[in-house]
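This report concerns only the one structure given below.
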Amino acid sequence: MSSNQRPISVTGVAWLFVAVGTVTFISHSPGLLHPHWDDFEIELTELLALVAGIFMLRGQNWARWLALAWMAFHVVLSAFPPFHGLVVHLLIFGGITYLLLRSDAAQYFRGSGAAAG
């Protein structure tokens, strides 16, 4: 695989982050009509998912690490009572980590930084 060819696993994870960031931002945006500090924090985290997805598609290595940090943050949030979703978040985090840290993904992210494929 050439360094500018995006692995299908990276494409899938990136588009997942784009979709999650977009859908959750839109679904929570009505909270901005009467905003509280939490509304801005929620929207910021959703924008971070969107940014991570877009820039992973462009081959930016920092975006891969942003995506992993974003997912780790959600694992930590799901660990607080009542613990619903912790196992699901851990499984998703494990899968995303595996896909983004594989050798083909690492090779892609070592590319020019503006890879397309």
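The values are calculated or read from the model by the stated rules, or taken from the named source; none is laboratory data. None of these values were measured; they are calculated from a predicted model. Here Cβ is always computed from backbone atoms with ideal geometry, including for glycine, and neighbour counts include all displayed protein chains.
Of the residues in region 78-95, none is at pLDDT 95 or above and surrounded by 19 or more Cβ atoms within 10 Å (Cβ to Cβ). Taken together, Gly59, Gly31, Gly21 contain a single residue that is more than 16 Å from Leu100 (Cα to Cα) and crowded, with 19+ Cβ neighbours inside 10 Å, which is Gly21. For region 68-105, filtering for residues that are closer than 20 Å to Val10 by Cβ and among the β-branched types (Val, Ile, Thr) leaves 3.
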